[in-house]
Structures are given as C-alpha cells and as structure tokens.
Amino acid sequence: MDPEYFKSYEMCWGTLGTVRPFSNFHPDRDVTEIQAALDKKDAVTLVRILTNRSNAQRQVIANTFEEIAHKDLATALKKALSGDLETLLLELLMPPVQYGAHRLQQAMAGLGTDEETLMEILCTRSGKKLQEISTVYKQLYKKDLEKELKGETSGDFARLVVALLNKGNVGGVVQRDIESLSASLNGKKAEAGPWINILTSRDTDHIDKVLMGLELQSGQMVDEAVEKRFTGDFRLGLKVLVQCIQSPDIYLAKRLTTMKTSLVQGIMVSHSEEDLLCIRAAFLKLTGTSLYTALQKQFKGDHLQALLAVCRSED
C-alpha cells in the first residue's frame, strides 16, 4: 500500500470511493517515471502511478506527458502493453463522462446488444450526468445516443431505455402512483406505460415509498410481480431498474460475482471514486468473500495487481 494513500485519506474523509487524490502530486515527476517505464515496458511502475492518482490527476498527467514527450499517453501505453492490463489502464485514463459514453458504445457494438450493461449505466447515473454522456457520445462517435439506443432496442424496452436517458424529476403523489402501478398489473396484459412513466420521472425517495407501498398492498415483492407479469427485455430492464432504485450497491455487487473481465473493470473503474467501498461491503455480505480475495482467485499478474490497487484493500 502506498503511504501517500493514507495522507490523502485524511484529506478526502467522507468519500465512499477507494481511489483518492494523491496528496504529494508532482505531474512532471510522474511523467518522467512513466516515460522510463514505457521504454522498459515496466508494467509495475505504470500500474503504481496510474492506480494511485485520481482521474483528475490522470488528466493532468496525460496533458503534461503530451507537452513533454510530444506524444499521446494512451497511444504510448498501447505500444508498451497488451491484453487486459492495457485495456484497464486506458480505461483509467478516460475522463468519467467519456468512459460512460465508451461503455454504452461497447454495449451496442458488434452483433447483439448487451441490454443489461445499457441498463446498469442508465440506472446508476443521474439525469444530468446522462445528458453530459450524450453530448460526449456525439463528439466521440458522431452519432446521436438516443437514436442509437432506439436502433438497438425495440418495443417497451426501447421506451424504457429512452425514458431513462432523459430521466427527469417530476413531482407525484405517492398513493396515486401506487394505485397506478397496481392497476397496471391487474389487467389481462400488464401495462408497461405507468412503470416507465413513474420509475423514470420521480426522485429515488419518492419511488422507494411507492415500491414499498405497492409491496404492502399486493403482498408480494415488486421483483416477483415484475417477473410474473412482464416478459423479454422489458422484464429484464424493469428488474434492473427496481434493483437499482432499492439497492444499487447490491445490484452492482451481484454483477461483480460473474467475475467477467469487462464487467469487473467497467464497474470498478466507473465507481472507484464514488461508492466502490459500498459495493465492496455489499459483495462481502452477498458472497461471504471480500472482493479483494475474489479478484485474486480469478485474475493474475500485473492485471490482478492493477485491479487490487483500484479495489484498494481487504474487507
């Protein structure tokens, strides 16, 4: 563990992230070390520096590297590294909004769409953040994110995804919303409309009260009701949305239990400066094993060391 981490811990007391600003930050010194490490293909040094700086500090390092070396740091990393470690360090170099856009693009790239990753990102980001991601998506990929999402999805699921991208904060009456959701489940065919409208346009506290009220009124968990009454991608999307409203940490911890490389990196990088400590706690409660230990059973080498550095410590 880097001793500077403990100094920065005091400075950022209260954060639920695992990666914090490096207190004794000298970008010129970092760039000198990175240049030498790139020449020697010294992955250990690259991992030590890039996982021990906040994202804002990594942006300063990348700019300083370009000024001093007259080269792009991401391009230089690609030449020196390969495989999962290269991918992880390049992801750590992306500004958070750009990384969100990148993950959405990857979820829609190639044959077949990764619907759950789309939902994970759309459900765990605020409306304001999603608008920033939309703007950056257009700059990076020269395409409109909403149109892309519509093209990759269909039916009620498409409506849900677009509503989440444009999520608002419209006031509502809890009891009226409970009645509306309850009525939507009582017909021959469950209606998707009220679920989309209410769950994407109210604040989290309001929706929490609505879902609890619905459970009390119906005598069954919302998750069970959704499972029974809806089908296909819309059912998957609604289940993810409900889980993210009720307990995003548990939902993300469940995603991590797959130990699929792209998922593990996606969640850990996205949440490293926000709430990875909460996700770690949920993972331990869910599996009986700490995330730090679970990573060691699944990954190896310098890639493992980089993941452990982002995870930060044993629980």
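Answer with yes or no whether Asp275 is in contact with a helix residue (DSSP H, G or I) (Cβ under 9 Å, 6 or more places away or on another chain), more than 14 Å from Val19 (Cα to Cα) and among the acidic types (Asp, Glu). Walk me through how you get there before you give the answer.
Numbers: in contact with a helix residue (DSSP H, G or I) (Cβ under 9 Å, 6 or more places away or on another chain): yes; more than 14 Å from Val19 (Cα to Cα): no; among the acidic types (Asp, Glu): yes.
Here the answer is no, as Asp275 does not meet what is asked.
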Odd one out for Asp223 among (1) open to solvent by 10 Å² or more (accessible area, probe 1.4 Å); (2) in contact with a Cys (Cβ under 9 Å, 6 or more places away or on another chain); (3) of a type outside the set (Gly, Ala, Ser):
(2)
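Determine whether Arg20 is touching a helix residue (DSSP H, G or I) at 6+ places or on another chain (Cβ under 9 Å), at pLDDT below 95 and closer than 16 Å to Leu93 by Cα.
yes
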Residues satisfying the stated conditions in region 89-112, i.e. crowded, with 17+ Cβ neighbours inside 10 Å and either modelled with pLDDT under 95 or outside any helix (DSSP H, G or I) (or both)
Met94
If you take just the helices (runs of 4 or more DSSP H) that sit entirely in region 118-215, which of them hold at least 3 residues that are surrounded by 14 or more Cβ atoms within 10 Å (Cβ to Cβ) and without any contact (Cβ under 8 Å) to a residue 24 or more places away in the chain?
174-186
Tell me yes or no: at least one residue of region 71-88 is surrounded by 21 or more Cβ atoms within 10 Å (Cβ to Cβ) and under 21 Å from Arg255 (Cβ atoms).
yes
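Any residue at all in region 235-255 that's of a type in the set (Asp, Glu), more than 30 Å from Glu274 (Cα to Cα) and in contact with a helix residue (DSSP H, G or I) (Cβ under 8 Å, 6 or more places away or on another chain)?
Our first condition is that a residue be of a type in the set (Asp, Glu); within region 235-255, this holds for 249.
Within this subset, residues satisfying the condition of being more than 30 Å from Glu274 (Cα to Cα) are none.
Scanning region 235-255 turns up no residue that is of a type in the set (Asp, Glu), more than 30 Å from Glu274 (Cα to Cα) and in contact with a helix residue (DSSP H, G or I) (Cβ under 8 Å, 6 or more places away or on another chain).
Any idea how many residues of region 13-69 are hydroxyl-bearing (Ser, Thr, Tyr), crowded, with 20+ Cβ neighbours inside 10 Å and part of a loop (DSSP other than H, G, I, E, B)? Please lay out each step first, then the result.
Step one: of region 13-69, the residues hydroxyl-bearing (Ser, Thr, Tyr) are 15, 18, 23, 32, 45, 51, 54, 64.
This time we only want the ones that are crowded, with 20+ Cβ neighbours inside 10 Å, so: 18, 51.
From the residues that got through so far, the ones that are part of a loop (DSSP other than H, G, I, E, B) too are 18.
Residues that pass the stated criteria total 1.
Provide a single number: the residues in region 70-84 that are small (Gly, Ala, Ser), in contact (Cβ under 8 Å) with a residue 24 or more places away in the chain and assigned to a loop (DSSP other than H, G, I, E, B).
So the answer is 0.
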When Ala190 is run through (1) closer than 18 Å to Leu122 by Cα; (2) touching a Lys or Arg at 6+ places or on another chain (Cβ under 8 Å); (3) small (Gly, Ala, Ser), the failure sits at (1)
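The values are calculated or read from the model by the stated rules, or taken from the named source; none is laboratory data. All values derive from a computational prediction rather than experimental measurement. Here Cβ is always computed from backbone atoms with ideal geometry, including for glycine, and neighbour counts include all displayed protein chains. We work out accessible area using only protein heavy atoms, side chains counted, and drop any ligands, DNA or RNA first. Shrake-Rupley method; radii C 1.70, N 1.55, O 1.52, S 1.80 Å.
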